[in-house]
């Protein structure tokens, strides 16, 4: 899996998210970073399947109807202060009930935490990941050129990210989350990115 989006997400917001998530849960800052980096490809992969079902215009409409904006990536304090009730609708817009349950079970197993706490982590982190996707999808000349070549607009920019990074099956990605360096698309090269992420968190360059 291409980790460009996840690396950018962690570099921009990882430290703040780790602080907020560890304060709100039993996770350590290091575990919070791992949770963010594990959930990011799940969000992208699920959205890519939605895009294939709905088309580019459909995915943009889906994100708009769910109330997802790029501001979510820039106002992380507000995301956490808003609480879970304000974000579960966004999570439901892209994940089915079965996917949410599988993700919670994987998080519970990986971090040795209770199932109820694990179920809270996805709606805490998904809005930040989605906000970053909206922000990156409308940013920069390269994104604009890609969007124009694909039909233009924000949807085209988002599609270029999903086609590049959202290439995993959710089952493979969840398996990779649990197995660590074992099996699944997400685990390919994962040891290297986790070391990079933790070094970034613990010693900002």
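In units of the rule-of-thumb radius 2.2 N^0.38 Å, the stretch 1-65 shows an alpha carbon radius of gyration of 1.32. Overall size of the stretch 36-122 from C-alpha positions, given as principal axis extents largest first: 40, 28, 21 Å. When each of the peptides 8-14, 132-138 is scored by how many other beta carbons lie within 10 Å of its residues on average, the order from highest to lowest is 132-138, 8-14.
Each reported figure results from applying straightforward, stated rules to the coordinates on display, with no laboratory input. These numbers come from a predicted model, not from an experiment. Positions of Cβ are generated from backbone atoms using ideal geometry, with glycine treated the same way; all protein chains shown enter the neighbour counts.
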